[in-house]
Ligand SMILES: [Zn+2]
């Protein structure tokens with residue numbers, strides 16, 4: 001295994017939500033572990049991908065985290081949405097039960113909308129569904 005700046009033993013980086021997975025604290029799929037041996041590329045696990053049953057086209061890509069993250073940390077999720085002309089969202093599932101939802105509509109990223117119910121997130125999914133036109 002290559003030692004580099006991503007290795008907390010080498011770098012002394014603090015253990016964050018973002019690098020926990022990289023360093024093996026969270027269980028990785030075998031495929032993710034294999035993917036990490038390929039140099040010069042990055043991979044992304046899509047946490048949720050909503051698509052139309054009629055044409056199978058994407059409506060919404062969601063990145064799910066347990067703590068808020070910076071804009072740059074879900075840039076690839078937004079790039080995918082741009083590619084398909086659909087919505088992207090960041091969902092923060094707080095340990096105490098609240099949901100934080102940030103929506104990207106192709107132009108702007110909304111503020112993190114916090115709620116103790118699921119209604120707002122459902123409304124974002126329904127908007128993505130209703131905006132879709134075959
Ligand atoms: Zn369709």
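Every number here is computed from the coordinates shown, using simple stated rules; none is lab data. Bear in mind the structure is a predicted one, so any value in this text is a computation, not a measurement. Every residue, glycine among them, receives a Cβ derived from its backbone with ideal geometry; neighbour counts consider all protein chains shown.
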- Message: Pairs needed: first member in segment 105-134, closer than 15 Å to residue 89 by Cα and in contact (Cβ under 8 Å) with a residue 12 or more places away in the chain; second member anywhere, away from the ligand (no atom under 16 Å from the Cβ) and assigned to a helix (DSSP H, G or I); C-beta distance under 6 Å; at least 6 residues apart or different chains.
- Response: 113/120
- Message: Would you confirm whether or not segment 94-104 contains a residue that is on the phi < 0 side of the Ramachandran plot, out of contact with any strand residue (DSSP E or B) (no Cβ under 8 Å at 6 or more places or on another chain) and away from the ligand (no atom under 16 Å from the Cβ)?
- Response: yes
- Task: Could you figure out which of (1) outside any loop (DSSP other than H, G, I, E, B); (2) more than 16 Å from the ligand (Cβ to nearest atom) isn't true of residue 50?
- Result: (2)
- Item | Of residues in segment 53-77 being in a loop (DSSP other than H, G, I, E, B) and surrounded by 13 or more Cβ atoms within 10 Å (Cβ to Cβ), the one nearest to the ligand (Cβ to nearest atom) | 57
- Note on the structure: Within segment 105-134, residues away from the ligand (no atom under 16 Å from the Cβ) and surrounded by 19 or more Cβ atoms within 10 Å (Cβ to Cβ) come out as 121, 124
